[in-house]
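Chemist: I am attaching a structure below and will ask some questions about it afterwards.
The values are calculated or read from the model by the stated rules, or taken from the named source; none is laboratory data. This structure is a prediction, so every number in the text was calculated from the model and none was measured. Cβ coordinates were reconstructed from backbone atoms using ideal geometry, including for glycine residues, and neighbour counts include every protein chain displayed.
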Amino acid sequence: MLFPEKLHKKFKNREKSNALRKLSEQKILIDFSSNDYLGFTSSKTIFDGAHQLLIKKTIQKNGATGSRLLSGNHKLYVEAEKMLADFHNSEEALIFNSGYDANVGFFSSVPQRGDIIFYDELIHASIRDGMQMSNAKSYKFKHNDIEDLKFQIERNQKERSDQEIYIVTESVFSMDGDCPDLKSLIAFCQKYNYHLIVDEAHATGVFGDYGVGLLQKLEVENQVFARINTFGKALGCHGAVVLGSKDLKTYLVNFCRSFIYTTGLPPHSIATIQMAYEELQRTPEIEKLIENITFFTQELESKHLTSRFIKSNSAIHCCIISGNENVKKVANEIQKKGFDVKPILSPTVPQGKERLRFCLHSYNSKEEISEVLELLATFVSI
Ligand SMILES: Cc1ncc(COP(=O)(O)O)c(C=O)c1O
């Protein structure tokens, strides 16, 4: 069967601009690229704990058997959602199969026709996809720029009494590693009764006591409309949770299509999430990660690299190297020396803002950090 010409052209164009995506075999390199910030993915304690929990609860099932609204709402879900609500100091918690599902489902179902969503221009693709499926209009504002947000609202808001305004940002931006001024954003939203939603994917397990996330670290978690925390990054497993009010949970269970029309997570996944959260509360890894973040920043300073990097105090640090070809070349050279550092190409990031992305982990040694930055310094002019 012939592959459609239109599609063929699309990936040929990508090839031409040096941006064709490929699934590559995993090489064993020093990890500066995964989201496994705390090394939980290979934790034997979590792995064995999940298995033991299933045995203790006499749950011998490989799958959920159906949507959670039909046969799939196994008993571990109820316990896990209670645990998540307690841990994250939220009225309610609703687990989704992934962060992608949570964002697509939330943004396609919550904002209604006539409502408006204002989103940070660097917001994650899953939120963009959800907004595209929504009947609400959406407008972007400049990255981390409250003044531009105010301007966009003034320009686009219609005088209608029933119009709801939703504002969405991330507490740590996945491709930049920086954070918005959440306190100011919250104060602004409260003043006008706007609904703020914060994606905490890259802050969960990193910021605050026991990795509760940035909103809880700032003690403002109950001043937002909803939070989305994911388990595929620092928690080292899979799935996500929407944290919010009882009404929000009831609404999502009834109207959120990515929650309703899909098979629930298998009991084993939920047991793993429970064990990963238990581990968060006793692990020394968060402290080690924070130490490495501080060390990385000091090394940037001493190697005169600071100005090449986007300012960040999260686990994600990005060195801007303009041009797909240029950034790929530097990444390649560093990979050849044994370090897994990934180039982030346009169109994933804007043209001219291509970058080398360093994800830091609790298990990176100080020597590895120094060495990889030493190498980088030889490739980028200061
Ligand atoms: C900010 C942000 N939100 C949501 C997601 C999606 O989460 P998941 O990988 O669980 O689908 C990601 C991961 O790529 C992300 O970086």
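Chemist: Does Glu147 satisfy being without any contact (Cβ under 8 Å) to a residue 12 or more places away in the chain, under 15 Å from Gly114 (Cα atoms) and not assigned by TED's automatic domain parsing to the domain that holds Phe309? Don't jump to the end; show me each part of the working.
Modeler: Numbers: without any contact (Cβ under 8 Å) to a residue 12 or more places away in the chain: yes; under 15 Å from Gly114 (Cα atoms): no; not assigned by TED's automatic domain parsing to the domain that holds Phe309: yes.
Here the answer is no, as Glu147 does not meet what is asked.
Chemist: Enumerate the pairs (first residue in the stretch 28-50 and closer than 18 Å to Lys366 by Cα; second residue anywhere and part of a helix (DSSP H, G or I)) with beta-carbon separation below 6 Å, excluding pairs fewer than 6 apart on the same chain, so at least 6 apart or on different chains.
Modeler: Listed pairs, sorted by first residue: Ile30/Glu368; Tyr37/Leu289; Leu38/Glu285.
Chemist: Taking the stretch 19-36 as the search range and keeping residues that are buried (at least 17 other Cβ atoms within 10 Å of the Cβ), part of a loop (DSSP other than H, G, I, E, B) and of a type outside the set (Ser, Thr, Tyr), which one is farthest from the ligand (Cβ to nearest atom)?
Modeler: Filtering first and then ranking leaves Ala19.
Chemist: Considering only the stretch 156-179, state which residues are under 9 Å from Phe118 (Cβ atoms) and either within 11 Å of the ligand (Cβ to nearest atom) or in contact (Cβ under 8 Å) with a residue 60 or more places away in the chain (or both).
Modeler: Passing the criteria: only Val168.
So that you can scan it fast, the table gives a plain yes or no per residue for (1) touching a Pro at 6+ places or on another chain (Cβ under 9 Å); (2) hydroxyl-bearing (Ser, Thr, Tyr); (3) farther than 29 Å from Phe358 by Cβ:
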| site | (1), (2), (3) |
| --- | --- |
| Phe151 | no, no, yes |
| Lys158 | no, no, yes |
| Cys179 | no, no, no |
| Tyr261 | no, yes, yes |
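Chemist: Answer yes or no: is there a residue in the stretch 117-125 that is in contact with an Asp or Glu (Cβ under 8 Å, 6 or more places away or on another chain), at pLDDT 95 or above and surrounded by fewer than 19 Cβ atoms within 10 Å (Cβ to Cβ).
Modeler: no
Chemist: Hey, another quick one. Which helices (runs of 4 or more DSSP H) sit wholly inside the stretch 209-298 and have at least 2 residues that are within 16 Å of the ligand (Cβ to nearest atom) and farther than 30 Å from Gly66 by Cβ?
Modeler: Helices (runs of 4 or more DSSP H) meeting the threshold: 214-217.
Chemist: Starting from residues that are part of a loop (DSSP other than H, G, I, E, B) and surrounded by fewer than 24 Cβ atoms within 10 Å (Cβ to Cβ), keep the ones in the stretch 182-204 and report whichever is nearest to the ligand (Cβ to nearest atom).
Modeler: Tyr194
Chemist: Would you point out which residue out of Phe141, Phe151 is away from the ligand (no atom under 16 Å from the Cβ) and surrounded by fewer than 16 Cβ atoms within 10 Å (Cβ to Cβ)? It would help to see each step written out before you state the result.
Modeler: Details: Phe141 fails: surrounded by fewer than 16 Cβ atoms within 10 Å (Cβ to Cβ).
It is Phe151.
Chemist: For the stretch 39-64, name all the residues that are within 22 Å of Val206 (Cα to Cα), polar (S, T, N, Q) and exposed (fewer than 11 other Cβ atoms within 10 Å of the Cβ).
Modeler: Ser42
Chemist: Any idea which of Ile260, Ile293, Ile286 is in contact (Cβ under 8 Å) with a residue 40 or more places away in the chain and touching a strand residue (DSSP E or B) at 6+ places or on another chain (Cβ under 9 Å)?
Modeler: Values: Ile260 fails: touching a strand residue (DSSP E or B) at 6+ places or on another chain (Cβ under 9 Å); Ile286 fails: touching a strand residue (DSSP E or B) at 6+ places or on another chain (Cβ under 9 Å).
Answer to the check: Ile293.
Chemist: Tell me whether the stretch 91-111 contains one or more residues that are away from the ligand (no atom under 16 Å from the Cβ), of a type outside the set (Lys, Arg), surrounded by fewer than 21 Cβ atoms within 10 Å (Cβ to Cβ) and closer than 25 Å to Ala276 by Cα.
Modeler: Yes, the stretch 91-111 has at least one match.
Chemist: Also: Does at least one position in the stretch 293-300 carry a residue that is at pLDDT 95 or above and in contact with a Pro (Cβ under 9 Å, 6 or more places away or on another chain)?
Modeler: No, there is no match, as no residue in the stretch 293-300 is at pLDDT 95 or above and in contact with a Pro (Cβ under 9 Å, 6 or more places away or on another chain).
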